[in-house]
Every structure is written in C-alpha cells, then in structure tokens.
1. If I stretch the segment between Gln17 and Val143 completely, what's the gain in nm (0.36 nm per residue apart, minus their alpha carbon distance), one decimal?
2. Cut-off 10 angstrom, C-alpha nodes, Gaussian network model of the chain. Which of Arg85, Arg71, Arg97 fluctuates the most?
3. Order these by the 10 Å Cβ neighbour count, fewest first: Ser2, Ser111.
4. Which residues' amide hydrogens lie under 5 Å from the amide hydrogen of Thr114, considering only partners 5 or more residues apart or on another chain, with H built in the peptide plane?
5. List the residues, sorted by chain then number, that are 5 or more residues from Leu153 or on another chain and whose placed amide H is less than 5 Å from its amide H.
6. Each residue of region 106-111 in order: what ³J(HN,Hα) in whole Hz does its phi give by Karplus 6.51 cos²θ - 1.76 cosθ + 1.60, θ = phi - 60°, with x for Gly and Pro?
7. Taking region 1-158 as the region of interest, what is the percent of Cα-Cα pairs per 10 angstrom bin, listed from the shortest bin to the one with the maximum distance?
8. Please find the FRET efficiency linking Ala26 to Val106, where r is the Cβ-Cβ separation and R0 is fixed at 41 Å, and quote it to the nearest 0.05.
Amino acid sequence: MSKLFEWALHCDLDEAQRAKWEANLADTFPWDADVAARLVSSDWTPSPTAIEWIRQLAQSGRLAGKVLSERLTRRPDEFQSWFDRLPEEDCAAVLARRFPKIHQVVAFLESQGTPALWRSALAARAVAIDLETDGNSIWEVGVANATRPHLLLARDDPADGACQ
C-alpha cells in the first residue's frame, strides 16, 4: 500500500484523483513518515494538502527535520513551507543562505517573534577573538565562529615580528 500511496502523491493526477488520494493524508499509517521522507528527498512538488501533511509529520516528530533541511538546501524556493519545522540547529545555516545581509536576518527574525530562533541566529553569526599572551607578548591570535576556529597568527609562524 505504501508504494501505491507514494506513487499517487508523486505522479501528476487530475484534480479528482489527487483529492481522492489526499483524503488518506488525514489517516495515520505505520509507513507514512517513510513515504513522506522519500517524497521530500525526491524532486517531488507537493500540493498544499501534502505540504500540510508533511508539516504535521515533522511537528509530531515522526518525520526527521533533517529531511526538510536537506530539501531546503536543494529547493530554497520552498523556504516558507518548511522553515518553521526545521531542527533548531539547522535554522541558522538556512537563514544565512537565505539572507546574506545581517539586516535581512534581523528583519526576518523580528517578523517571527521566536526567542529561540534569535539565539540560534546570533550564535551562528557571532565571532570570538582569542589572544594567547603572557602579558608582554602575544603568542597566538585566533578567531572562531559557530562552524569552526581559525588560527590567524602564531608565535611559531615564519618570523616577521608580528607577534612581538
């Protein structure tokens, strides 16, 4: 039944046929999250009814939010459909791809009114600067953001006197 259901949602049916199959989306089946994951992982273009079905599966935890994150990487045009169902740890990366300028991120966050989303976005944009020093000389200069640290300058680098 799951393969037939998947086929019906994936193929281009006329309105009456699609409505008949979509009526089953209100029911819960042991395989519906697997079908949804396969559909979301494909090139499928979901109907509004199917989008709501997938959103409900994600909200209930039956569909992994990572599947939707991967979908948004491939289909950024579907941002409005999936963003609020993403795992918190993926939100900042999606926002950074969608809104390259910080004022755009701020405007979006203000429109959402979600404190957890602010924390996630700020953590992704924050930069830490680390100076290793003995009080007289700087030994190392490093920076880090949410994705990785980076050593800018070390005492053992080729001598140009920059750390003295």
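1. Difference between extended and current length: 39.6 nm.
2. Arg97
3. Ascending number of Cβ neighbours within 10 Å: Ser111, Ser2.
4. Correct list: empty.
5. Val141
6. Those phi angles translate into 4, 4, 5, 4, 4, 6 Hz.
7. All Cα pairs, binned at 10 Å, distribute as 9, 30, 24, 17, 10, 6, 3, 1 percent.
8. 0.60
No value in this document is a laboratory result; all are computed from the given coordinates. Everything numeric here is computed off the predicted structure, so don't read it as measured data. Positions of Cβ are backbone-derived with ideal geometry, glycine not excepted, and every protein chain shown enters the neighbour counts.
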